[in-house]
Amino acid sequence: MELVFDFFEDHLKAAAAVKSRRPLALGLFCFILGALSFFLAMSVSGRLQPLPFNSFTLGLFLLWELGSALVLVAALHLIADFQGRPGSGGELFVLFGFANLSWGLAVPVALLFLALFPSAHWPLTAAFLLVGLYSLGLKARSLQDTYQMSQGRAWVTLALPYLGTLLASALAFILAMASVVLQIMKGFS
């Protein structure tokens, strides 16, 4: 637990300890705990409406969280490797797991905002956005500590997989719409 506390208090000390120990199981546990906190905050706030609150949905959510974390860490490690930065994907995974613990703030924040603003949805959305930005900030700092890069480069490197996913999704949507238009045009001829 001291290692987790060091991540929030003295991130350089935590990064050095992760580099020497590589506690992958602790990083995995932190990812699961952070995802569980986010899932509970979403269900308490009523944002899980179309999905039932049960163990199957929780299991799917945890698998999604771990799978996306592994893909993100692999993509970031590949980008850092192309830049010639020394570092380890395992270390980054553990530090990202620690950063994911920031979603533990979402449950008390959701309960507080539901008590203060029971019918307004925008304050809760803003609170989730702030917690998400805090988590991204911790991930950028973890990337900076793992690969010895500047803060700006860490933010740009962190944004690249998200931008790539957004561009690929936009391209898939455009191609799907073009296919639908072509099918409609064939139907008229």
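The values are calculated or read from the model by the stated rules, or taken from the named source; none is laboratory data. Note that the structure is a prediction, hence the values are computed from the model and not measured. Cβ atoms come from the backbone with ideal geometry, glycine included; neighbour counts cover every protein chain shown.
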Original post:
For region 137-169, what are the residues that are assigned to a helix (DSSP H, G or I) and of a type in the set (Gly, Ala, Ser)?
Top reply: Gly137, Ala140, Ser142, Gly152, Ala154, Ala159, Gly164, Ala168, Ser169
**OP:** Considering every residue within region 163-178, establish whether at least one is surrounded by 12 or more Cβ atoms within 10 Å (Cβ to Cβ) and either touching a Lys or Arg at 6+ places or on another chain (Cβ under 8 Å) or at pLDDT below 85 (or both).
**Re:** no
Subject >> Count of residues meeting criterion [touching a Phe, Trp or Tyr at 6+ places or on another chain (Cβ under 8 Å) and not in a helix (DSSP H, G or I)] in region 48-81 >> reply: 1
Subject >> Complete set of residues in region 1-47 that are in a helix (DSSP H, G or I) and among the basic types (Lys, Arg) >> reply: Lys13, Lys19, Arg21
Subject >> Members of region 82-103 that are touching a helix residue (DSSP H, G or I) at 6+ places or on another chain (Cβ under 8 Å) and not in a helix (DSSP H, G or I) >> reply: Gln83, Arg85, Pro86, Gly87, Ser88
Original post:
Of all residues in region 52-91 being more than 20 Å from Gly164 (Cα to Cα) and touching a residue at least 40 places away in the same chain (Cβ under 8 Å), which is surrounded by the fewest Cβ atoms within 10 Å (Cβ to Cβ)?
Top reply: Pro86
Original post:
Just wondering, is there one or more residues in region 118-134 that are part of a helix (DSSP H, G or I), closer than 25 Å to Ser20 by Cβ, at pLDDT 90 or above and within 14 Å of the chain's Cα centre (by Cα)?
Top reply: no
Original post:
Within the group Gln148, Gln144, which residue is out of contact with any strand residue (DSSP E or B) (no Cβ under 7 Å at 6 or more places or on another chain), on the phi > 0 side of the Ramachandran plot and surrounded by 10 or more Cβ atoms within 10 Å (Cβ to Cβ)?
Top reply: Gln148
